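Report on the structure given below.
Values in this text are rule-based calculations from the coordinates and carry no lab data. As the structure is a computational prediction, the values presented were derived from the model and not from experiment. Quick reminder, even Gly has a Cβ in these numbers, built from the backbone with ideal geometry, and neighbours come from all protein chains shown.
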2 protein chains.
Amino acid sequence: MAAVEAASVDKVGLELQAILGDRVSRSQSVRDHHGKDESWHHPIAPDIVVFPHSTEEVAAIVKICAEHGTPVIPFGAGTSLEGHVIADRGGVCIDLMQMDQVLAVNAEDLDCRVQPGVTRKQLNSYLRDMGLFFPIDPGANASIGGMTATRASGTNAVRYGTMRENVLALTVVLSDGRIIKTSRRARKSAAGYDLTRLFVGSEGTLGVITEITLRLYGIPESITSAVVSFPDLKSAVDSVISTIQMGIPIARIELLDKLQVQACNSYSGLGLAEQPTLFLEFHGTTAGAEEQAKLVGEISGEFGGSDFQWTGQLEERNKLWEARHNAAYAAQSLRPGCQLWATDVCVPISRLADCIMETQADLEGSYLQAPLVGHVGDGNFHLTLLIDPEKPEELEEANRINDRLVMRALAMEGTCTGEHGIGSGKMKFLQAEHGDAVAAMRTLKLAFDPQNIMNPGKIISL
Amino acid sequence: MAAVEAASVDKVGLELQAILGDRVSRSQSVRDHHGKDESWHHPIAPDIVVFPHSTEEVAAIVKICAEHGTPVIPFGAGTSLEGHVIADRGGVCIDLMQMDQVLAVNAEDLDCRVQPGVTRKQLNSYLRDMGLFFPIDPGANASIGGMTATRASGTNAVRYGTMRENVLALTVVLSDGRIIKTSRRARKSAAGYDLTRLFVGSEGTLGVITEITLRLYGIPESITSAVVSFPDLKSAVDSVISTIQMGIPIARIELLDKLQVQACNSYSGLGLAEQPTLFLEFHGTTAGAEEQAKLVGEISGEFGGSDFQWTGQLEERNKLWEARHNAAYAAQSLRPGCQLWATDVCVPISRLADCIMETQADLEGSYLQAPLVGHVGDGNFHLTLLIDPEKPEELEEANRINDRLVMRALAMEGTCTGEHGIGSGKMKFLQAEHGDAVAAMRTLKLAFDPQNIMNPGKIISL
């Protein structure tokens, strides 16, 4: 599909200015900033960037775009990894970061309602004094709107679930500018189709999410973290598998391979043994968290794990998880100036060791470096391929490794993406993963966005 | 819409026989059995009942119906409560109870794949020797297919979630006979639209569910149950609210009002104090379950609760929960020959006491008896209105009470149905609950079932 014509852009721009005044930008630097995410995907700038303050303004923007057939691309913190926000057909980027208000906290119901530009760190700062927290943590300080749109998860998902389980209701602007609320605040409902889950993970292709009602949790009485290293990768993974199969409600269980530990030691000054390592966290009552830690300690011991290095103090814990969250930047520092290509398969836990070991064997035949980290309690892990995207042979090699990894995961009844989403980067795998169900997804897309203006060219190509 | 014409029924019947042989029935008794559920809703028989054995047979049946524009009504255990299976436009009832195989158990991944006619009791018998269980328990021995189609929950949902959280993937026959698989076995995925959740709770109106992949759980090391009675209803509810707000991972917390306790004592021989009562269950390690029980005991003591009556032995526990599951029959025995009208609102937990107390006050102005039971940890409770549906004034009075109850729950940001579904009985509340989102639901229905043959007249009227 062709990009939007210049005359049309001018007209749309004027109509948007009539509503938003100076919160409409066509400056090159603003457009450039909004045409890229944190991945290797080649940036393409939108024609116009707008900064709404309310659901009603978003509805008015979408109505104008619908009248002109102009693409609409919602934009949050810009931390996505599969080209979700790249404006490959031009159009209007809706930057939602000025919609950054926590609208309501119902502490007694353990829920809250926020605008999409609230970031996860901002939300947790807001909640801390109430003794509450929102657990979903993809690492980056992503926006709640973006996390909802990509069905994000991250380190705590093994215990608390993903955005799928933790969004109670949404306000959404549909492709013709209508505003709907997908659900109410009751913890469960059997009242009609699950519109909430339809929009969670829809990546802006069915509508623009403008309010999110989230489940919250009380901050546990006890939070303790530990680090344990293993003689080899398989032992580390096998101890994870046993922990999950025993049903221990561990809050975090994160794997770093030897190369990633080296990178984190250097980047974050951790001083860990340079071996495959698990970062663990236990939430519960004091007795409950202790009991979990004891059980996991016994399991890891059986697989040759070291003694736990405890990090019970808040400061030490923060340092550990900050290092985990910076794992990608640490990886990047192994090859200064490189770009990151993060893979994202997820497999049933019983196949995790096979999938990781076969992948490591495959990597041995490559010249690219690729440290491994993983939310292994979910069966989800990432290679961070360090590439120079200006070198076609490196892109081709990363592509080859990723293709083989995805096909390996699919053969193990897994998915091509545990948490990053499809964007434009993984569209080629959709058919292999879902077969005839892709036609049902296309039916959905056509029904909700018949003009194909909502983030076109992402998830489903029409 | 008119019922199916006789000549068309004959033609469809012959085509079905060509595929299914004697697994096609037009006998009056078989049809009558398939035109009713367990509620007061007036039965209407389908024209034909078929008994397929495979997904492919279901696809062939739906294709024939699609060619003739004949309604298709999936049927499981027949335990629904809002007229879901009533064939008010005639057509073909697909009885799925002969598709009753457990197809795979992946114990190491804590999941299984079953046909829709497997009942929850059958599944748990099958799993017991493996140390696994499936927690969702709506009381009735419903089929897994029916539970999926109505987004069922029940007593354990406060800890384990509903069918929404516990279905990993589905095989579905669409309205034109195409077969799709909605997802794979990975615990999480961000690969495209959430088709699984689209069909969970769709009540047969978007397609026929022919296989279900479910999450399983290890049977806890310790399971203990207790009964505690309170001086009044509000104290009982307030102790529930405190328990939930403290984040105690209680497995079951069920409320029975005084009238329901009287009914259960008489019907199930329980010998409980005739006061508002909670049935509790604690799952965990031995130490963990004890700790939970101690905390809940302290809370209930603060609200005037009696000492816990423990029922740690399997036999006693089973008797207790059997009595809870038979609460509706116990209620029915208060007025021999009556029919049941079960209400089903669910509200945010902070509004639960208000909602229940206002409802009890409202009931005092009625001549109908209506014992109360509830999955109160979720904010979900039921009145069981005992009516003679042959008496129009009683139907009208039950209608009046239910209307007021639903509007009360909606005003408290709750839902008209926590777990029973919309069926035909609650369609009139959909607009009040969802507003403009009903149009989005209609868009979905039209996209997936343009002929309106899939359980027509349920959830959404076209």
Legend entry - Label spacing, shortest first and in nm, from B:L14 to its equivalents in the remaining copies (7 angstrom along Cα→Cβ): 6.8
Inset, instruction - Putting +1 on Lys and Arg Cβ atoms and -1 on Asp and Glu Cβ atoms, find which of A:G139, A:A440, B:V118 reaches farthest to the positive end of the dipole of the protein assembly as shown. - result: A:A440
Inset, instruction - When a/c is below 1.5 the answer is rounded, else prolate if a/b is larger than b/c, else oblate, so apply that to the range A:283-327 with a ≥ b ≥ c taken from the square roots of the Cα gyration tensor eigenvalues. - result: oblate
Inset, instruction - Could you pull out the longest piece of chain A with no exposed loop trypsin sites (Lys or Arg not before Pro) in it, calling a site exposed if DSSP puts it outside H, G, I, E, B and it has at most 16 other Cβ atoms within 10 Å? - result: A:179-462
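Is the shape of the range A:102-218 rounded, prolate or oblate, going by the alpha carbon gyration tensor and its root eigenvalues a ≥ b ≥ c, with a/c under 1.5 for rounded and a/b larger than b/c for prolate?
Prolate.
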Legend entry - For the range B:265-321 versus the range A:375-451, the gap between their alpha-carbon centres in whole angstrom: 49 Å
Inset, instruction - With label points built 7 Å along Cα→Cβ from the Cα atoms of B:D354 and A:E5, find their separation and express it in nm. - result: 5.6 nm
Inset, instruction - In square nanometres and to one decimal, what's the mean projected area of the convex hull around the Cα atoms of the range B:6-97? - result: 5.4 nm²
Inset, instruction - Could you calculate the FRET efficiency of B:L314 with B:E274 from 1/(1 + (r/R0)^6), where r is the beta carbon distance between them and R0 is 25 Å, rounded to 0.05? - result: 0.40
Inset, instruction - One decimal, nm, shortest first: give the distances between the label point of B:A287 and those of the same position in the other copies, each label point 7 Å from Cα along Cα→Cβ. - result: 0.8
Legend entry - Rel. contact order, % - alpha carbon contacts under 8 angstrom, at least six apart, chain B: 15 percent
Legend entry - Pairs beyond 27 Å (Cα-Cα), from A:K63/A:K181; A:K458/B:K63; A:K258/A:K294; B:K63/B:K445; A:K258/A:K319; B:K36/B:K258: A:K458/B:K63; B:K36/B:K258
Legend entry - Gap separating the Cα centres of the range B:156-182 and the range A:9-50, nearest whole Å: 40 Å
Inset, instruction - Could you work out the longest stretch of chain B that avoids the GluC sites (Glu not before Pro) located in DSSP loops with at most 14 other Cβ atoms within 10 Å? - result: B:6-220
Legend entry - Cα long-axis angle, helix B:314-325 against chain B (0 to 90 degrees, to the nearest 10): 60 degrees
Legend entry - Net charge, A:W310 excluded, C-beta distance under 12 Å - Lys, Arg +1, Asp, Glu -1: -3
Inset, instruction - Using DSSP, restrict attention to beta bridges with both residues in the protein assembly as shown and report what percent are antiparallel, rounded to the nearest 5. - result: 85 percent
Legend entry - Inter-copy label distances at B:L314 (7 Å, Cα→Cβ; nm, one decimal): 4.8
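List the relative contact order of the range A:102-218 as a percent without decimals, with contacts defined as Cα pairs under 8 Å and 6+ residues apart.
So the answer I get is 33 percent.
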Legend entry - Gyration tensor (alpha-carbon) shape descriptor, chain B, a/c threshold 1.5: prolate
